[in-house]
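The structure under discussion appears below in the form of structure tokens.
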Amino acid sequence: MAALTAGDVVNRIKSVMAVQGVAWNDATTRDRFKFGGPETVVTGIATTFMGTFEAIARASERGLNMIIPHEDTYWNDPDNTLIAEADPLVYRTKVDFMTRHDIVVFRIHDHMHRQRPDFTFSGTAREVGLDPATETAPNSHRFVIPETTLGELAARVKRVRGDDAIRVVGDPNARVKRVAVGAGMATPAVNAPDVDVVIGGEQREIEGTFDSPEYVMDAATLGVPKGWIIIGHNMSEESGMQEMADWLRPIVPEVKVQHVRAGTVYWVPK
Amino acid sequence: MTHISRRGFVALTAAGAAATPFLLDDALTRASAGVTAQEIVDRVKKNIGVEWSSDDVDTFKAGDPSTIVTGVVTTSMATLDVLQKAVQAGANLVVTAAPTFYSRADLSAPAGRGFGPGGGGRGQPPGGNRGGAGSAPPPSPATVSGPGTGASAPMPPAPPLPPSVVPPGQPPAAAAPPAPPPPDPVYAGKNAFIEKHKLVVFRLAYHWNRRTPDPRAQGLAAAMGWTRYKAGEDMLRYELPGLTLESLAGQLKKTLGTRGGIRAVGDRGMTVRTIGLLPGYTMIPAAIAMLPTVDAIVAGEVQEWESATYAQDVAFAGVKKGFISIGRVVNEAPGMQVCAGWLRTIVPEVPVRFIPAGDPYWRPL
């Protein structure tokens with residue numbers, strides 16, 4: 001039997017997605033090979049949030065040489081290696097490691113967000129402990145939870161996620177029950193009248209099309225119950241890569257498929 | 001320094017006035033009548049030391065530019081809390097680094113909900129028109145008082161609420177079915193406070209932050225006591241007595257008064273001697289250009305998948321480098337503190353104070 005190649009894996013992803021209603025868009029600059037190519041023989045697959053050095057090394061330790069990250073590998077969204085090559089600290093080390101360990105990287109971003117459910121959202125909801133039965137409609141990303149305070153909800157999210165660098169805006173005593181979940185930069189607007197609190201990934205602090213931090217601060221001053229729980233880009237999209245591993249497993253039965261975390265980005269000072 | 005000193009400014013205006021006696025009378029009249037917000041902004045444009053471009057960022061965001069200014073407040077972000085403190089301090093001109101109305105566009109009513117700038121956002125009572133045509137809703141004392149609520153009966157006296165939630169009365173626009181959704185209560189509350197206190201808000205960010213040295217870096221170094229350690233004239237680099245990355249982050253948190261916004265990447269125990277600043281919002285090329293030349297970067301805001309994961313990769317490879325993000329709003333504060341000092345030199349007529357918006361973020365237990 002011929003060995004499984006990265007090209008085989010990608011072709012299967014494309015055809016299964018097409019069957020499930022997500023036609024492949026060849027114009028994508030994101031969902032492409034970022035290191036290695038279709039001929040690389042695959043020993044195992046690791047899904048991860050981003051092609052961090054840590055994710056690649058951990059995957060390689062487990063005998064997984066095909067990395068499927070949701071985000072980029074070279075610290076910029078188009079994965080422009082000219083930008084990364086300017087770095088003398090780690091770029092060469094990372095590339096040498098990938099060469100030595102016969103790593104192949106294929107990114108899955110745009111098409112993953114077109115799947116239903118979008119695993120980045122459903123994974124986040126699962127990992128922050130939102131009961132799927134409380135979602136207002138399939139794929140609405142809106143949940144109605146038993147009324148609690150913003151402070152209690154944020155503490156719960158932090159406890160179940162186990163990450164320190166969670167940031168919250170708003171009055172900790174605000175009574176909240178209607179939750180909107182975001183993923184990555186796709187943060188729902190916290191000023192929607194039917195949303196009390198947004199749990200999301202990352203957003204520009206100011207100068208966006210809608211700046212949540214200032215809005216929620218003003219809401220707190222006015223006594224309007226609003227809250228924003230920012231778990232981070234990594235933390236919001238890593239979860240769904242578990243679902244992506246589960247989705248891949250049956251279509252590549254020849255090799256191990258595992259979710260390997262890209263690692264904690266931030267720590268916080270005392 | 002590129003700005004003109006106070007003495008220099010007085011000398012310049014005196015010379016100008018002497019050359020044009022007709023204008024002198026005008027200037028004296030104005031002086032007795034006070035200085036307007038527009039006049040202050042004109043002085044800013046003239047003295048800031050960078051060419052004033054016709055962008056839509058550094059403009060008036062609220063209020064009447066012809067308002068006589070009683071006092072100036074500079075701030076990192078004109079939150080309602082800052083506006084309230086400005087009023088308490090007797091100021092009516094607020095100069096802010098960040099937007100006032102929750103977006104770069106700074107529209108005083110939310111976009112996309114049927115409340116364009118001309119659509120009646122400003123001053124519209126919260127909850128007005130909620131009941132739809134023909135069924136005047138009972139006024140809710142929690143949100144509404146005064147005329148404009150649709151109630152035909154005389155209103156009871158306004159309840160003792162924070163003034164910011166009591167919008168000034170305005171007749172509703174001619175009712176046109178279907179009734180629009182209720183105005184966003186946060187926009188409405190902020191607009192009402194601005195109107196009630198006749199505040200003027202001007203954004204000064206793009207031009208101010210183009211000054212050399214970068215006022216945010218200059219102010220941050222001054223706040224941290226690093227100015228004597230500066231390495232180079234751009235105020236972006238400092239050589240400190242060694243300290244650990246963890247103590248550096250702890251000192252920043254304590255001195256800048258951050259709460260949950262400060263986050264760090266790298267070995268906590270590594271020694272930091274050289275620090276590089278990346279003020280404001282920066283992208284990956286800036287971090288790649290700076291990190292190899294310093295032990296640690298102190299940045300305002302970056303995107304997580306860019307500079308933060310770059311630092312994560314560097315640390316994972318065992319290279320002793322640190323990266324600290326203090327937050328964009330926190331980073332604008334020291335720059336606007338510098339701005340208050342500068343404004344005092346060109347606006348001698350009224351008090352100028354700096355009031356920070358603080359760190360937007362807290363961290364759950």
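The values are calculated or read from the model by the stated rules, or taken from the named source; none is laboratory data. Remember, predicted model here, so these are calculated numbers, not experimental data. Neighbour counts run over all protein chains shown; Cβ positions are idealised from the backbone, glycine included. Accessible surface areas use protein heavy atoms only, side chains included; no ligands, DNA or RNA. Shrake-Rupley method; radii C 1.70, N 1.55, O 1.52, S 1.80 Å.
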### Message
Between A:170, A:201, which is within 23 Å of residue B:101 (Cα to Cα) and modelled with pLDDT under 95?
### Response
A:201
### Summary
Subset of region A:208-223, residues modelled with pLDDT under 95 and of a type outside the set (Phe, Trp, Tyr), comes to A:208, A:209, A:211, A:212
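For residue B:324, indicate whether it is within 27 Å of residue A:76 (Cα to Cα) and open to solvent by less than 30 Å² (accessible area, probe 1.4 Å). Steps first, please.
Values: within 27 Å of residue A:76 (Cα to Cα): yes; open to solvent by less than 30 Å² (accessible area, probe 1.4 Å): yes.
Yes, satisfied.
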### Query
Any residue in region A:173-189 that is at pLDDT 95 or above, farther than 30 Å from residue A:41 by Cα and facing chain B (nearest Cβ under 8 Å)?
no
### Query
How many residues does region B:237-249 contain that are open to solvent by less than 40 Å² (accessible area, probe 1.4 Å) and either within 24 Å of residue A:204 (Cα to Cα) or among the acidic types (Asp, Glu) (or both)?
1
### Task
Determine which single condition residue A:217 fails, assuming it passes every other condition in (1) open to solvent by 10 Å² or more (accessible area, probe 1.4 Å); (2) more than 9 Å from chain B (Cβ to nearest Cβ); (3) over 23 Å from residue B:308 (Cβ atoms).
(2)
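Please find, within region A:37-54, the residue that is surrounded by the most Cβ atoms within 10 Å (Cβ to Cβ) out of those that are of a type outside the set (Val, Ile, Thr), within 14 Å of chain B (Cβ to nearest Cβ) and outside any loop (DSSP other than H, G, I, E, B).
Restricting attention to region A:37-54, the residues satisfying the condition of being of a type outside the set (Val, Ile, Thr) are A:37-39, A:44, A:46, A:49-51, A:53-54.
If we keep only those that are within 14 Å of chain B (Cβ to nearest Cβ) as well, we get A:49-51, A:53-54.
Subsequent filtering for residues that are outside any loop (DSSP other than H, G, I, E, B) retains A:53-54.
On the way: A:53: 23, A:54: 21.
Within region A:37-54, the match that is surrounded by the most Cβ atoms within 10 Å (Cβ to Cβ) is A:53.
For (1) touching a Pro at 6+ places or on another chain (Cβ under 7 Å); (2) of a type in the set (A, V, I, L, M, F, W, C), each residue gets a yes or a no:
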{"residue": "A:24", "(1), (2)": "no, yes"}
{"residue": "A:29", "(1), (2)": "yes, no"}
{"residue": "A:45", "(1), (2)": "no, yes"}
{"residue": "A:50", "(1), (2)": "yes, yes"}
{"residue": "A:54", "(1), (2)": "no, no"}
{"residue": "A:59", "(1), (2)": "no, yes"}
{"residue": "A:64", "(1), (2)": "no, yes"}
{"residue": "A:68", "(1), (2)": "no, yes"}
{"residue": "A:74", "(1), (2)": "no, no"}
### Query
Inside region B:308-331, can you point out the residues that are at the interface with chain A (Cβ under 7 Å from one of its Cβ atoms) and farther than 21 Å from residue B:209 by Cα?
B:308, B:309, B:310, B:312, B:313, B:314, B:316, B:317, B:319, B:321
### Query
Of these, B:334, B:356, B:348, which one is more than 9 Å from chain A (Cβ to nearest Cβ) and surrounded by fewer than 20 Cβ atoms within 10 Å (Cβ to Cβ)?
B:348
### Task
Mind listing whichever residues of region B:250-268 are in contact with a strand residue (DSSP E or B) (Cβ under 9 Å, 6 or more places away or on another chain) and open to solvent by 50 Å² or more (accessible area, probe 1.4 Å)?
B:251, B:259, B:267, B:268
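Look through A:62, A:58 and report the one residue that is at pLDDT 95 or above, open to solvent by 60 Å² or more (accessible area, probe 1.4 Å) and over 30 Å from residue A:199 (Cα atoms).
Numbers: A:58 fails: over 30 Å from residue A:199 (Cα atoms).
Result of the check over A:62, A:58: A:62.
Those residues that are part of a helix (DSSP H, G or I) and either touching a residue at least 40 places away in the same chain (Cβ under 8 Å) or open to solvent by 70 Å² or more (accessible area, probe 1.4 Å) (or both), I need them from region A:9-33; list them, please. So that I can check it myself, show each step before the final result.
Our first condition is that a residue be part of a helix (DSSP H, G or I); within region A:9-33, this holds for A:9-19.
Within region A:9-33, A:9, A:10, A:11, A:12, A:13, A:16, A:17, A:19 qualify.
Need a quick list: helices (runs of 4 or more DSSP H) entirely within region B:1-116 having at least 3 residues that are modelled with pLDDT of 95 or more.
Values: elements: B:6-19, B:21-33, B:37-47, B:80-88.
Of the helices (runs of 4 or more DSSP H) lying wholly inside region B:1-116, those with at least 3 residues that are modelled with pLDDT of 95 or more span B:37-47, B:80-88.
Going through A:197, A:265, A:252 one at a time, which residue ends up being more than 27 Å from residue B:83 (Cβ to Cβ) and away from chain B (no Cβ under 12 Å)? Spell out how you get there, then give the answer.
On the way: A:197 fails: more than 27 Å from residue B:83 (Cβ to Cβ); A:265 fails: away from chain B (no Cβ under 12 Å).
Going through A:197, A:265, A:252 in turn, just one is more than 27 Å from residue B:83 (Cβ to Cβ) and away from chain B (no Cβ under 12 Å): A:252.
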